[in-house]
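> Please see the structure below; I have some questions.
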Amino acid sequence: MVLIGCDFHPSWQQVSWMNRETGEAGDQKLVHEPGAVEKFYQQFPAGTWIGMEATGNCQWFVEMVTGLGHKVLVGDAAKIRASDSRQQKHDKRDARLLVQLLAEDRFPEIWVPSREQKDLRQLLIHRYTLVRIRAQVKNGLQHLAMNQGVMKKQKLWSKAGEKVLRELPLAPWASRRREDLFKVREMLNGQIDLLDQAVVEAAEKNEKARLLMTQPGVGPITSMAFVLTIGDVKRFQRDKQVASYLGLIPREYSSGGHQRLGSISKQGNTFLRMLLVEAAQGAVRCDPGFRNEYLHRCHSKPKGVAKVAAARKLAIRLYWMLRTNTGYPEVVRVESSSRVALVSES
């Protein structure tokens, strides 16, 4: 079997390989020129293991070597770095370290979503990007209104508020800006509506997403984002691992018997963490259990802390819904009982 360590960069990669049967090994720098990378990997037999750190802009490479019959293993970059005791770091050494970890069966492989799951992620990310752009456009219109003394806040987007905004006497270029911003907003509204419908259709086709939407406050976007980010829930042994994976647990600096907790770690998927915080506010309004716990925490903690705590509770509940295939409200009994058997790991 041939083992390859690939230190991947957007425009080139440092490769180190080793043949377990013959003992042959080598190093090479590959520039990402048309056909060069494919030609290099074609010389290795199908079934070659390729180890690389988790990185972006590499989908084309993974699909290409997978099409050649090779197996790609993506590893946790932090754990790979920690496995090397020496402080010396350069590309050739990094590639050789990857080969060493593969040979010693210590490669810290992580879960990688399928091609279909990656594409559905693009749907959610694209929608979120357009929503942010629309918010910037609306802020620009608010700015124009406020400069004319119109302070309507959210009421500016009612029919009466928009009529006032459109009839404001503005200077020529300010008027041109208002006209263009309204056109951009209308265009974005149409695109976002289409994407919203696509998310709803994807969620209705996904059994796990339909299960999560039984929880009050969780809609198609949050449910799909949770399913696509968490993947196979069996890879998490405990619910606390899910909260840690999403960066919803506090940093800890405890020593000498003194516990010191800081802000949340904010590790993991920023997009899903934001959605969970928003969805938790809906759960607080609709779910009595969430509301009571949230209001109780607000008596002693800032509202921001209480919101994050509600998001953490929601993430844990969604985990248990997937882990036990139980919908709301039955899952409330499952997550609070230590006697409920877990799903088989097989």
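> Can you put 15, 184, 62 in order of accessible area, largest first, using a 1.4 Å probe?
184, 62, 15
> Note down the nm distance, to one decimal, between modelled labels 7 Å out along Cα→Cβ at residue 9 and at residue 292.
So the two model labels end up 5.9 nm from each other.
> Please turn the phi angles of the stretch 97-112 into ³J(HN,Hα) values with the Karplus equation 6.51 cos²θ - 1.76 cosθ + 1.60 (θ = phi - 60°), one per residue in order, whole Hz, x for glycine and proline.
Calculated HN-Hα couplings, in order: 5, 4, 5, 4, 5, 5, 5, 8, 6, 10, 5, x, 5, 10, 6, 10 Hz.
> Stokes-Einstein D for the stretch 178-242 at 10 °C, 1.306 mPa s, Kirkwood Rh over Cα pairs, in µm²/s?
Approximately 114 µm²/s, per Stokes-Einstein.
> I would also like to ask the following. What is the Å³ per residue value for the convex hull set by the Cα atoms of the chain?
231 Å³
> Let me ask you something else. In Å and on Cα atoms, what radius of gyration and Dmax does the stretch 201-272 show?
15.5, 54
> Carbon-plus-sulfur fraction of the accessible area of the chain, 1.4 Å probe, in percent?
51 percent
> Follow-up question, since we're still on this one. Angle, helix 220-230 long axis vs. longest principal axis of the chain, Cα atoms, 0 to 90°, nearest 10?
That works out to roughly 20 degrees.
> Now for a separate question. Per the Kirkwood treatment, what hydrodynamic radius in Å, one decimal, follows for the stretch 1-113 from the mean inverse distance over all distinct Cα pairs?
One decimal place: 14.1 Å for the Kirkwood radius.
> Mind putting a number on the dipole of the chain about its Cα centre? Charges go on the C-beta only, +1 for Lys and Arg and -1 for Asp and Glu, and I need it in Debye to the nearest 20.
I would put it at about 1920 debye.
> Right, something else. How many Å² of accessible area per residue for the chain, probe 1.4 Å? The partial results should precede the final answer.
Numbers: 20000 Å² over 346 residues.
About 58 Å² of surface per residue is accessible.
> Under the 0.36 nm per residue contour assumption, what length would be gained going from the current alpha-carbon distance of residue 36 and residue 265 to full extension?
Gain in length upon complete extension: 78.3 nm.
> Something else: From the C-alpha gyration tensor of the stretch 1-59, pull out the three semi-axes of the equivalent ellipsoid (sqrt of 5λ each), sorted largest to smallest, in whole Å.
20, 13, 10
> By per-residue mean of other Cβ atoms within 10 Å, what is the highest-first order of 155-163, 319-327? Don't skip to the answer; put the middle values down first.
Working: 155-163: 12.4, 319-327: 19.0.
Answer by packing, highest mean first, reads 319-327, 155-163.
> So what J values fall out for the stretch 150-157 if you push phi through Karplus, 6.51 cos²θ - 1.76 cosθ + 1.60 with θ = phi - 60°, rounded to Hz, Gly and Pro as x?
8, 10, 9, 6, 5, 5, 5, 8
> Something else about it: Taking only Cα atoms, what is the 0 to 90° angle, nearest 10, from helix 288-298's long axis to the longest principal axis of the chain?
90 degrees
> Have a look at 95, 31, 123 and report the one farthest towards the positive end of the charge dipole of the chain, computed about the Cα centre with Cβ charges (Lys/Arg +1, Asp/Glu -1).
Farthest along the dipole direction, towards plus: 123.
> Would you kindly derive the ³J(HN,Hα) couplings of the stretch 22-36 from the backbone phi angles with the Karplus curve 6.51 cos²θ - 1.76 cosθ + 1.60 (θ = phi - 60°), listing them in order in whole Hz, with x for Gly and Pro?
The phi angles translate into 9, x, 5, 9, x, 9, 7, 9, 10, 8, 7, 9, x, x, 5 Hz.
> May I ask for the angle, rounded to the nearest 10°, between helix 270-286 and the longest principal axis of the chain, with both axes built from Cα atoms and the value confined to 0 to 90°?
40 degrees
> Give the distance, in whole Å, between the Cα centre of the stretch 2-27 and the Cα centre of the stretch 74-110.
That distance is 13 Å.
> Next question, about the same structure. Considering only 292, 277, 55, whose Cα is most displaced toward the positive end of the charge dipole of the chain, charges sitting on Cβ of Lys, Arg (+1) and Asp, Glu (-1)?
Final value for the positive-end residue is 292.
The values are calculated or read from the model by the stated rules, or taken from the named source; none is laboratory data. Predicted model, so just to flag it, every value in this text is computed and none were measured. Virtual Cβ from ideal backbone geometry, glycine too; neighbours counted across all protein chains shown. Heavy atoms of the whole protein, side chains included, go into the accessibility calculation; ligands, DNA and RNA do not. Shrake-Rupley method; radii C 1.70, N 1.55, O 1.52, S 1.80 Å.
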